[in-house]
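Written out below as structure tokens is the structure these notes cover.
Here, each number is a calculation from the coordinates, and none is a lab measurement. It should be emphasised that the depicted structure is a prediction, and the values quoted were computed from it without experimental measurement. Cβ coordinates were reconstructed from backbone atoms using ideal geometry, including for glycine residues, and neighbour counts include every protein chain displayed.
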Amino acid sequence: MNIVWQKLVNILILLALVFAPVVQAQKIKDAVTIQGVRSNQLVGYGLVVGLPGTGEQSPFTEQSFRAMLSKFGIALASNVSPKINNVAAVAVTADLPAFAKPGQKIDITVSSIGESESLRGGTLMQTFLKGMDGNIYAVAQGSLVVSGFGAEGQDGSRIVANTPTVGRIPNGAVVERTVKSGLMNNDYLTLNLNYPDFSTAKNLADTINQRLGADPDKGYVIATPIDAASVRVSAPRDVGSRVGFLATLENFDFEPARAPARVVINSRTGTIVIGEDVRIKPAAITHGGLTVTIAETQTVSQPNQFAEGDTIVTEQSIVDVNLDDTRMFKFEPGVSLDNLVRAVNEVGAAPGDLMAILEALREAGALQGELVVI
């Protein structure tokens, strides 16, 4: 058997065991998010200066450059076109974390939006970052960190590594406005599951009620499942008490429901992950290949010495048919992940062949599980 494929199958088994939907306890904070506690996206438009000739000479960059100079009391004549090859127009983006307070700093990403070839060595000028409501929530400025680079020869040939037109500034923006949180708006909290499931929502509500001493049989309920994605939990109104309540609640252990039987295939990389609950109905599979090789050669035919005739060039075709060793294996009812991998391993199928086998099993109705191709 091919050693490379043997190693790939071993990795497949390892991944399947690691990511298999085994029921095990996990903390509530690892499985849910709290409704109203979220980050907010910010965006701004600015200029990067100090570039070593990798800037741009575009109309909107020139207009922005004139507007920046006017703020410092410098006015350029309309007929003067400044040469600003060291300036680039950029879009600045950032995520404003929940509960971020004025004076705190956040990371920002700076991306060229014009013809600039590289932002390496540039400095972002003061840029206002706005939210969806149009208000300014942070102010950004600083020197860029750019991991990519590019080089170009006089003949037009060039090489580019990573992305030199995108950079980051750690702690490059200062928060100026606080986003009001919805944490204290109601008498209850809503916990949203990261992976919606009716059984998981019920298990979560039952765990909270049990740990906090609620008695649903007597009508005293603290947590109530709303749907497959959300659980409503009664919480104190006092700010300090609610924070302490959440600190206790998020560290409770509970058991999520078993995930549905699923086979995930990445067709681009050949990665295949098979869940533990995947089963195979009775089926027989034949695996093999037919290789046909056609070669064209030219043969020179010429008459014997002193004999009459002409030299002739003839075409000769060689057709070779190679039938690989074709094997058949049979799946008995309720075949598990381990049996499936072992059977395919014995056949010696490549990743592409395994994908075809799984798709054929699904079309035949023999695959008990969802087939997901990403």
Q. Taking neighbour counts of Cβ atoms within 10 Å as a proxy for exposure, in what order, fewest first, do VAL233, VAL139, VAL48 appear?
A. VAL139, VAL233, VAL48
Q: Could you work out the local net charge near VAL179, counting Lys and Arg as +1, Asp and Glu as -1, over the other residues with Cβ closer than 13 Å to its Cβ?
A: +2
Q. Based on DSSP, what percent of beta bridges with both residues in the stretch 40-175 are antiparallel, to the nearest 5?
A. 100 percent
Q) Where in the stretch 240-265 does the label zone of LYS101 land, with the point 7 angstrom along Cα→C-beta and an amide N cut-off under 16 Å? A) 240, 243
Q: Using label points projected 7 Å from each Cα along Cα→Cβ, tell me how many nm separate LYS130 and ASN185, to one decimal.
A: 2.4 nm
Q | THR33 versus ASN171: modelled label distance in nm, points set 7 Å from Cα along the beta carbon direction | A | 2.7 nm
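In nm, what is the difference between 0.36 nm times the number of residues separating ASP253 and THR123 and their Cα-Cα distance?
Net length gain for the segment: 42.0 nm.
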Q | Exceeding the 24 Å Cα-Cα cut-off - candidates LYS27/LYS180; LYS105/LYS130; LYS27/LYS202; LYS202/LYS281 | A | LYS27/LYS180; LYS202/LYS281
Q.
Could you tell me the center-to-center distance, by alpha carbons, between the stretch 165-193 and the stretch 80-135 in angstrom?
A. 19 Å
(Q) Taking R0 as 56 Å, what FRET efficiency do you get between VAL239 and GLU115 from their Cβ-Cβ distance, rounded to the nearest 0.05? (A) 0.65
Q: Specify the inter-centroid distance of the stretch 30-48 and the stretch 352-374, based on alpha-carbon positions, in whole Å.
A: 38 Å
Q. When the distances between all Cα atoms of the stretch 40-175 are binned every 5 Å from zero, what whole-number percent does each bin get?
A. 2, 10, 19, 20, 18, 14, 9, 5, 2, 1, 0
Q. Which distance in nm do the two modelled labels at LEU69 and GLU359 give, with both placed 7 Å along the Cα-to-Cβ direction?
A. 6.0 nm
